[in-house]
Every structure is written in C-alpha cells, then in structure tokens.
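Below is one structure, written out as structure tokens, with a few remarks after it.
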Amino acid sequence: MELLKVLLVDDENLVIEDLLTLIDWESNGFSVAGYAYNGSQSLKLIQKINPDIIFMDVSLPDIDGIRLSKKLLEISPDIIIIILSGYMDFTYAQGAVEIGALSYLVKHQMTPERLIDVLHSARETHEKRQLSQILSSRQLLRDILEQNIPLSADILNHLTQYKDSFLILQLSPITPYQYEAKDEAFVVQPHFSSLLKIKENEMHVLDILIYHSSFLVFIYLNPDAKAGKRYLSSLNILIKKLLDELKNTTLVPFFAVHLDCETTLTSLHDDCGYLEAYREDYIFYPNKNILTIGRRIKEKPSSPDLTFINKETFLSNNLTFCQQLTHCLESLAHRKDAMGFYNCCDLTRKLMNDFPIDYKRYPSECIYSHDISRQLIEECMNLYESYQVLRQYSPSTSYIIQYIHKNYNQNPSLAEASSILSSNPMYLGQKFRKETGKIFHDYLNEYRIDKAKELLQGTNLKIFEISDLVGINNSQYFSKIFKELTNVTPNEYRLKHFSL
C-alpha cells in the first residue's frame, strides 16, 4: 500500500507531539513527512515535500488557518485539508466546509480511533480523485489517438505528466490464426496494477491503454537518459519484464513493437499509427517477440493476385492450385504483408467452407506464417481427396456419409436420413453397404472412434467427456467399441499418441 504523505501544521508543539504518537502512522498507510509551527514554514515545506494530506490548525501566529488552506487549495487543489481547532466554533466549521476541507476536528476530543477514521476517509478521497484523474487523462489520450484533437492549453495542463517526451510501446497478444475470429477478445485482461509498478533504471510505466486489441504502454523517461538514446538497453529490459508479467497473468505470449525514438503529445497520433501497422507482424517472427521500428510509414505492398482461389481451379487442377497458393503465401510472408497473408488465408478458408464435405482438419493452433501455410495446404489436399472419394458414390450414399459426419455426435439414424431423402430405409441401407462395404451403424461407430482419437491426441479431456462429445453416452460401451476397432483401450491410445 502506498504511504500517503502527511504535513502537520500547528503552533503548539504539544499538539504535534500528541498527533505523532497517537497512532502508528506507517502501519496505517501514512507517513508524517514534516511539521510546521506557522504559515510561512508550512508554505516552504509544502513546496519541498508535496504532501497529500495537511492537518491545519485553524489559528496560526502569522495567518488564519482557513485563509491559508483556501490559498493552498487554489495552488494545489488535490491536497486534502483537515482543519484542527481547540474547540468547536460554528464560524470556523462553516469556513472549513466552504473551502472544501475534508473534516473539522477538535483537538482535545481526538482519539486514535477518530484519527484513523479521518485518515481512512482521506485515503478514500485521495484514491477517488486519482482514479478520476486517470480516467480523464486516458480519455484525453484516446481522443488524441483516435481523433487527433488539437492540443489546447487545458488539455496540456491536464496531461502534465506527458509535458516532456516519453516512450510508447505496443503489446499485442500472440494468438493462433482462426478464420473469421481474429478480432475476438479472448485474451484475459490483466490487472494493470502489477504492470504499472514495473520500472527499470531511468524509466517506469506511466499508464496503459487498451487500444485496438492491444495494450499501448506509456513510459516515463528520465531526461538525463535521453542524450544519445542511452535508454535503449534499459528499455529492452523493461519490455522483457512487461512481457513476462503479461504471460504470467494471461497465459498468452505477447509481441512488443516500439519506436527507436521518443514521442510527444504532438506526435502521439502519428507515432501510434506507425506501431499499429506492425501489430500482427509477429506471424513472421517465430524467434522474436520485440521489434524496434523507425518513425516511418510502413510501405504498403501491392495487392496479390488471388483470382486463382476459386472452385473451378481447385477442382480441375488441384495440384496447380496448391502450388499457386504455396507460392502466394511464401511471397506475402517474404514481404511481411500480414494483411495480404491473412486475406489469402481467409479467401481460401471461405472457398473450403463452401464444400459441404467433411475432411481431415487440424486444430487451430498455428501462430506463425510458415505453420499456417503448411496446415492450410495440407487441409486443401485433404478436402480434395475427400471430394474425390465421395464422387465414387451415388448421390444418396454421398449424402448419408455427409449426414453421419455432420450428426455423429447426436443420434443419427438411417431412418432419419431416409426420411430426408424421401426414400426407403432398407433400400438405402443395402445400397450404402454395397458401395462402402459397411452397414450404417458400423460406419457411424468407426467415424465416432476416429473423432475420439483426435480428442485423445490433442486434449486433456476425460474418457467419459470424449465419449459424450462423439455421441456415445455410455463410456463403458465407448471403451468396448474403441478396443474392438483399434485393439487398444482409449487410455493406451492416449499414452502412445498424446501430443498436446
């Protein structure tokens, strides 16, 4: 807990000694940073120690305590004033209220409990003001970032901690590529309190904004460290501390992008734009999580020719399609064109989803461009292979296969499939067996076990959970079928093939 600084102002030495010894200040979260016996002394001390709270005697030798408090609040409106008096006087109490003092205390009625209560009230007021100032500052920073608002004198006065140059850093979560899911906020938001405490030599974290699915970190830089950019090595250490803390709290790695120069409020909007252009470039850096860039606009590459991504090319010459797709993705990765790379992947995924065919897919765990490309090409080939297999069957058998693939985890039946096709179940069943060599029930069980194998290899799910997920409600029956088809139990299969 932060120790709030307290200044005691009273012309009686005995009163100050009583206040000093009445409670254990530090164990209650406060530190008596100084004390004064008159107004002139208090003014000098205030400038020196910048207190958070002042206990002010109402009657000082050289000035009235109410008048002095009013003057102080005009200079430093965030100071919390607590008026002290030798007796209850309505005029003084009213004056204390009018100037915005937190409380009016009678000295001889002071008890440890009463003093602690007032101090707790002062801390609550201090924290509310701090929070209000932080939220107000964040909104102004957001307005500068999003709207590039003019920097009026009022704004500059409010953002005093940014009056000198500072550093900005963008931290983006490193997450697997998922078609139509890249903008979902599935990263746990960390408590900023631990991040705001991070510091390193000449710098510390000023504040953090959530901005465009990333964290924008504002970093204070000691003026003495600015010459010759001596701060860069310390900055690297501070970034690593931030990345470690984020990974510990969110369980997700992050990618850091920062400029090789300082930022000011005037350049903040443009500088943030430079960082934003590199937000998703982590897919091109499998062995790097900190990227330093210059203050320059990222060159916009020419749009790649994606006209080959169509159903006709995919079906008529799948080998050529896969070769073109490989070349396109490699070219985009070489140019570090994240937007073009994702666009190519998304168009291919959209084409694949247009086929009402089940095929071997892989978990969406790929993060980096090389792995994303490899998986996408493999799945294109799997889809084409499945399509060619289905072409061997009659339309009714092909439909029943797709029906099983789509409904295996529910209660699919030949009767329901026949009803959809408006045909006779016995006739369709015989035709299905003749073309596939399997009866409906056996084909369904084999497909369920294939799906169970994928879950056993890639998840920590319990056996009964996997049994439910593949549509078999009885885990003992599931284990029996599994062993009949694979010659091993589910647990034995997992021990041999688990790869999470």
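The values are calculated or read from the model by the stated rules, or taken from the named source; none is laboratory data. All values reported here derive from a predicted model rather than from experimental measurement. A quick note on method: Cβ atoms are made from the backbone with ideal geometry, for glycine too, and the neighbour counts reach across all protein chains shown. Ligands, DNA and RNA are stripped out before the accessible areas are found, and what is left, the full protein with its side chains, is counted by its heavy atoms. Shrake-Rupley method; radii C 1.70, N 1.55, O 1.52, S 1.80 Å.
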Here the qualifying pairs (Cβ atoms under 7 Å; residues six or more apart or on different chains; first in the stretch 1-26 and open to solvent by 90 Å² or more (accessible area, probe 1.4 Å); second part of a loop (DSSP other than H, G, I, E, B)) come out as MET1/GLY29; GLU26/LEU3
SER42: passes all of (1) more than 39 Å from the chain's Cα centre (by Cα); (2) loosely packed, with under 13 Cβ neighbours inside 10 Å but (2)
Note on the stretch 47-66: residues in a loop (DSSP other than H, G, I, E, B), in contact with a helix residue (DSSP H, G or I) (Cβ under 7 Å, 6 or more places away or on another chain) and surrounded by fewer than 21 Cβ atoms within 10 Å (Cβ to Cβ) are ASP62, ILE63
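Looking at the stretch 1-43 only, could you name the residues that are among the hydroxyl-bearing types (Ser, Thr, Tyr) and modelled with pLDDT of 90 or more? Write out each step before concluding.
Keep residues of the stretch 1-43 that are among the hydroxyl-bearing types (Ser, Thr, Tyr), which gives 21, 27, 31, 35, 37, 40, 42.
Passing the criteria: THR21, SER27, SER31, TYR35, TYR37.
Looking at the structure I just gave you, is VAL97 in a strand (DSSP E or B), open to solvent by 20 Å² or more (accessible area, probe 1.4 Å) and out of contact with any Lys or Arg (no Cβ under 7 Å at 6 or more places or on another chain)? Reasoning before the result, please.
Values: in a strand (DSSP E or B): no; open to solvent by 20 Å² or more (accessible area, probe 1.4 Å): yes; out of contact with any Lys or Arg (no Cβ under 7 Å at 6 or more places or on another chain): yes.
In short, no.
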(request) Test GLY294 against the stated conditions and say whether it is of a type outside the set (A, V, I, L, M), in contact (Cβ under 8 Å) with a residue 12 or more places away in the chain and touching a Leu at 6+ places or on another chain (Cβ under 6 Å). (result) no
Given the conditions (1) at pLDDT below 95; (2) surrounded by fewer than 13 Cβ atoms within 10 Å (Cβ to Cβ); (3) of a type outside the set (S, T, N, Q), every one holds for HIS327 apart from (1)
The one condition LEU376 fails out of (1) over 28 Å from the mean Cα position of the chain (by Cα); (2) open to solvent by less than 20 Å² (accessible area, probe 1.4 Å) is (1)
Considering residues that are within 27 Å of GLU416 (Cα to Cα) and surrounded by 14 or more Cβ atoms within 10 Å (Cβ to Cβ), the number found within the stretch 458-500 is 14
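If we scan the stretch 67-88, do we find a residue that is of a type in the set (Val, Ile, Thr), part of a helix (DSSP H, G or I), modelled with pLDDT under 90 and within 30 Å of LEU196 (Cα to Cα)?
As a first pass, look at the stretch 67-88 and keep what is of a type in the set (Val, Ile, Thr): 75, 79-83.
Still in the running and part of a helix (DSSP H, G or I): 75.
The next check asks that each one be modelled with pLDDT under 90; those that pass are 75.
Subsequent filtering for residues that are within 30 Å of LEU196 (Cα to Cα) retains 75.
Yes, there is a match, as at least one residue in the stretch 67-88 is of a type in the set (Val, Ile, Thr), part of a helix (DSSP H, G or I), modelled with pLDDT under 90 and within 30 Å of LEU196 (Cα to Cα).
Out of the residues in the stretch 155-186 that are among the small types (Gly, Ala, Ser) and either outside any loop (DSSP other than H, G, I, E, B) or at pLDDT 90 or above (or both), which is most open to solvent (accessible area, probe 1.4 Å)?
Narrowing the stretch 155-186 to residues among the small types (Gly, Ala, Ser): 165, 172, 181, 185.
Now drop any that are not either outside any loop (DSSP other than H, G, I, E, B) or at pLDDT 90 or above (or both), which leaves 165, 172.
Working: SER165: 26, SER172: 4 Å².
Step by step, filter the stretch 155-186, then rank; the result is SER165.
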Exception for ASP281 within (1) open to solvent by 30 Å² or more (accessible area, probe 1.4 Å); (2) modelled with pLDDT of 90 or more; (3) of a type in the set (Asp, Glu) falls at (1)
Looking across the stretch 255-274 at residues that are modelled with pLDDT under 95 and of a type in the set (Gly, Ala, Ser), the single one that is nearest to the chain's Cα centre (by Cα) is GLY273
Expected single match for on the phi > 0 side of the Ramachandran plot, within 34 Å of the chain's Cα centre (by Cα), basic (Lys, Arg) and at pLDDT below 95 among LYS336, LYS298 is LYS336
Here the qualifying pairs (Cβ atoms under 6 Å; residues six or more apart or on different chains; first in the stretch 112-136 and at negative phi; second of a type in the set (A, V, I, L, M, F, W, C) and open to solvent by 40 Å² or more (accessible area, probe 1.4 Å)) come out as PRO112/LEU22; LEU115/LEU22; ALA122/LEU102
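Might you let me know whether the stretch 353-363 holds any residue that is more than 30 Å from ARG433 (Cα to Cα) and open to solvent by 40 Å² or more (accessible area, probe 1.4 Å)?
Taking the stretch 353-363 as the starting set, the residues that turn out to be more than 30 Å from ARG433 (Cα to Cα) are 363.
Keeping just the survivors that are open to solvent by 40 Å² or more (accessible area, probe 1.4 Å) gives 363.
Yes: the stretch 353-363 contains one or more residues that are more than 30 Å from ARG433 (Cα to Cα) and open to solvent by 40 Å² or more (accessible area, probe 1.4 Å).
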Among residues of the stretch 434-448 being out of contact with any Asp or Glu (no Cβ under 9 Å at 6 or more places or on another chain) and without any contact (Cβ under 8 Å) to a residue 40 or more places away in the chain, the residue farthest from LEU485 (Cα to Cα) is LYS434
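I'd like the residue in the stretch 284-312 that is of a type in the set (Gly, Ala, Ser) and farther than 28 Å from LEU383 by Cα and, out of all such residues, is most open to solvent (accessible area, probe 1.4 Å).
Only one residue fits best here, namely SER302.
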Original post:
Does PHE321 satisfy the condition of being open to solvent by less than 50 Å² (accessible area, probe 1.4 Å) and either farther than 30 Å from LEU167 by Cα or without any contact (Cβ under 8 Å) to a residue 60 or more places away in the chain (or both)?
Top reply: yes
Across (1) open to solvent by 20 Å² or more (accessible area, probe 1.4 Å); (2) of a type in the set (Gly, Ala, Ser); (3) over 30 Å from LEU268 (Cβ atoms), SER132 clears everything bar (3)
#### Entry: Test: ASN382 is over 44 Å from the mean Cα position of the chain (by Cα), at negative phi, free of Cβ contacts under 8 Å to residues at least 60 places away in the same chain and surrounded by fewer than 18 Cβ atoms within 10 Å (Cβ to Cβ)
no
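Report whether or not ASP207 is in contact with a strand residue (DSSP E or B) (Cβ under 9 Å, 6 or more places away or on another chain) and of a type in the set (D, E, K, R).
Numbers: in contact with a strand residue (DSSP E or B) (Cβ under 9 Å, 6 or more places away or on another chain): yes; of a type in the set (D, E, K, R): yes.
Spelling it out, ASP207 is indeed in contact with a strand residue (DSSP E or B) (Cβ under 9 Å, 6 or more places away or on another chain) and of a type in the set (D, E, K, R).
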By residue number, the members of the stretch 90-131 that are at pLDDT 80 or above and among the hydroxyl-bearing types (Ser, Thr, Tyr) are SER103, TYR104, THR111, SER121, THR125
Does LEU315 meet the test of being surrounded by 13 or more Cβ atoms within 10 Å (Cβ to Cβ) and within 34 Å of the chain's Cα centre (by Cα)?
no
